[in-house]
């Protein structure tokens, strides 16, 4: 009996590790897709915002969810739509982005308060959190990496420029730092995974 328990514990750890690796691989693939197809990513996120807004509008007439949850959810979707106006360039310190993050926490607080006081099936609670609270912020989080490919249109340096400094694109790419999700995964891949050595014969 003790050996079977140890075997099941090891199997559980292997399963958790496999799920984590699979999620990381999926996130890496999605981040690459968003970076490559920013116009399509914007359309998909816009459709998600419209879908979640429709779901919140239907909650007004169908279920007895509190008005505070519905109104805060609609306000969150309005901030998400404002973030998409400049997509793929997302300003993390903008009022729209900070307000969307604050509303995400407020919506979670309201949802946890409501669902702890009222009984619902776990699948219904998980469905609410997945569709209404997580799907759009997750898509925006993954798409933050698309910022890395936005080229500047104006040279930000206003000091005396030489002929080589007037090249806006070269100057931009030499000074920029990658801070997106894809950059994080690339750093993890380079530092954790072993490198292949190409043999020359």
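Shape call for region 1-92 from the C-alpha gyration tensor, a ≥ b ≥ c root eigenvalues: rounded (a/c under 1.5), prolate (a/b greater than b/c) or oblate?
Taking the square roots of the gyration eigenvalues as a ≥ b ≥ c, region 1-92 is oblate.
In this calculation the C-beta distance from residue 23 to residue 105 is compared with R0 = 22 Å, giving a FRET efficiency of 0.45. Counting neighbouring beta carbons within 10 Å and listing from fewest to most, the residues 3, 104 come out as 3, 104.
As a calculated quantity, the FRET efficiency between residue 141 and residue 6 at R0 = 45 Å, using C-beta atoms, amounts to about 0.75. Give the separation of the Cα centroids, region 11-58 to region 90-108, in Å. Between the Cα centres of region 11-58 and region 90-108 lies a distance of 19 Å.
At an R0 of 35 angstrom, the distance between the Cβ atoms of residue 91 and residue 67 translates into a FRET efficiency of 0.65. When a/c is below 1.5 the answer is rounded, else prolate if a/b is larger than b/c, else oblate, so apply that to region 1-44 with a ≥ b ≥ c taken from the square roots of the Cα gyration tensor eigenvalues. Here region 1-44 falls in the prolate category.
Any read-out appearing in this document is the output of simple, stated calculations on the displayed coordinates, not a laboratory observation. Values in this document were obtained by computation on a predicted structure and should not be read as measured data. Heads up, the Cβs are rebuilt from the backbone with ideal geometry, glycines too, and the neighbour counts pull from every protein chain shown.
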